[in-house]
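The structure appears below as structure tokens.
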Amino acid sequence: MITPEYIKKLVEFKTGVNDISIKSNKIDVVNYRYITIALCKEFVPKKLRIHFDLAVLLGYIEHSNVSYGYKTFKNSLKRRHYKYYKEVYDDCKKDIESKIYQNKINNLTVEYDLIK
């Protein structure tokens with residue numbers, strides 16, 4: 001199962017940032033947080049991605065920052081100067097989809113073994 005913590009670690013690994021939850025207004029760190037929020041919205045089950053929990057994980061004080069970050073990220077994808085962040089997002093998304101696919105294959109193998 002994909003968790004918000006897994007996505008946060010993946011984004012940190014892909015970007016080379018030690019901790020995206022530090023209090024920083026550097027544009028790169030802020031955008032990496034936005035990428036994490038967008039990926040969580042897409043891949044984490046709703047019961048695991050409560051806005052308050054995501055806010056705490058990413059170092060925000062207010063849970064409303066999560067909603068704002070998601071909207072900002074989705075609107076920014078259309079901008080040309082945002083190309084690098086889109087590439088980071090797509091790269092992380094590809095890795096997550098690969099992990100989900102691998103988990104499905106493993107589950108099918110286990111089920112097949114049980115049926116035999």
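None of the figures in this text is laboratory data; all of them are computed from the coordinates on show. Nothing here was measured: the structure is a model prediction, and the numbers come from that model. For neighbour counting, all protein chains shown are included, and Cβ atoms are generated from backbone atoms with ideal geometry for every residue, glycine included.
Data for the structure
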quantity	calculated
Extension gain (nm, one decimal) between M1 and D90, 0.36 nm per residue minus Cα-Cα	30.1 nm
Hits among lysines - C-alpha to C-alpha of K99 under 19 Å, sequence gap 8 or more where chains match	K8, K9, K14, K41, K46
Shape category assigned to the chain from the gyration tensor of Cα positions, a/c cut at 1.5	prolate
Cβ-based charge dipole, the stretch 4-115, positive-most Cα from H81, Y101, N25	H81
Per-peptide average of other Cβ atoms within 10 Å, ordering 34-40, 83-89, 97-103 highest first	34-40, 83-89, 97-103
